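Written out below as structure tokens is the structure these notes cover.
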Amino acid sequence: SLVGRQGAGQGFAELQDGFAARLGAEGTEACLHAVLPGLMEGVGAAAFHGLIRTAYALDAGHAGELAAGLSYWTQRHLPLPAPEPVVPPQRDPAPWLQALNAEIVVRIEGGLIFERMREAARQVGFERHANALEIDAGTLQRLAEFAAGRYAATRDFTVLHLVTSAHAMRLLLPRLPDDAARRAALRAYARAYAA
């Protein structure tokens, strides 16, 4: 598998060639079923750009860009810690994020979005709340609506990544092999969204 081998010294062109060959040999659906669960563990890669690029390539039916998106996501894979929550579960993203934010002691400034996400995930408050969002059939819709509302209110460029990533998740979730993989993907997405 090419996923998870970004530390093995592979360059982007080699990864892209590998994914192009795999997509050609296995077909798009079989390849995505195999690689998406692992990639979803690091869904926040490059501030969701791996996810977004992959989803939009799939939507456009562009095999070359799909191989490039998967390669980029693989190279920039950003798994975040997945501790057990120590607070009651929340269904609504607003109080979940408000409670998480209230416990972040160190404000993270500067750097690239993914660097700030990684730093946020190291905070004790993040660990306490990151997995406290309930995952169900409406989770992605609630996250998308919250992101759209925040973006409309703030026009914040970072929040825009949440809007486009929610759309990308909507496009890719059906390509995961089963309900368990979709739930795990939504759980990982929620953590990255919170970060």
If you take the residues in the stretch 52-64 that are open to solvent by 60 Å² or more (accessible area, probe 1.4 Å) and in a helix (DSSP H, G or I), which one is nearest to residue 167 (Cα to Cα)?
-> 56
Residues of the stretch 119-169 being basic (Lys, Arg) and surrounded by 13 or more Cβ atoms within 10 Å (Cβ to Cβ), which ones?
-> 122, 128, 142, 150
By residue number, the members of the stretch 170-188 that are surrounded by 15 or more Cβ atoms within 10 Å (Cβ to Cβ) and part of a loop (DSSP other than H, G, I, E, B) are 176
Does any residue of the stretch 88-106 turn out to be open to solvent by 80 Å² or more (accessible area, probe 1.4 Å), under 26 Å from residue 11 (Cα atoms) and in contact with a helix residue (DSSP H, G or I) (Cβ under 9 Å, 6 or more places away or on another chain)?
-> no
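The values are calculated or read from the model by the stated rules, or taken from the named source; none is laboratory data. Here the structure is a predicted model, which means the values were calculated and not measured. Neighbour counts are summed over all protein chains in view; Cβ atoms, including those assigned to glycine, are modelled from backbone coordinates with ideal geometry. Accessible surface areas use protein heavy atoms only, side chains included; no ligands, DNA or RNA. Shrake-Rupley method; radii C 1.70, N 1.55, O 1.52, S 1.80 Å.
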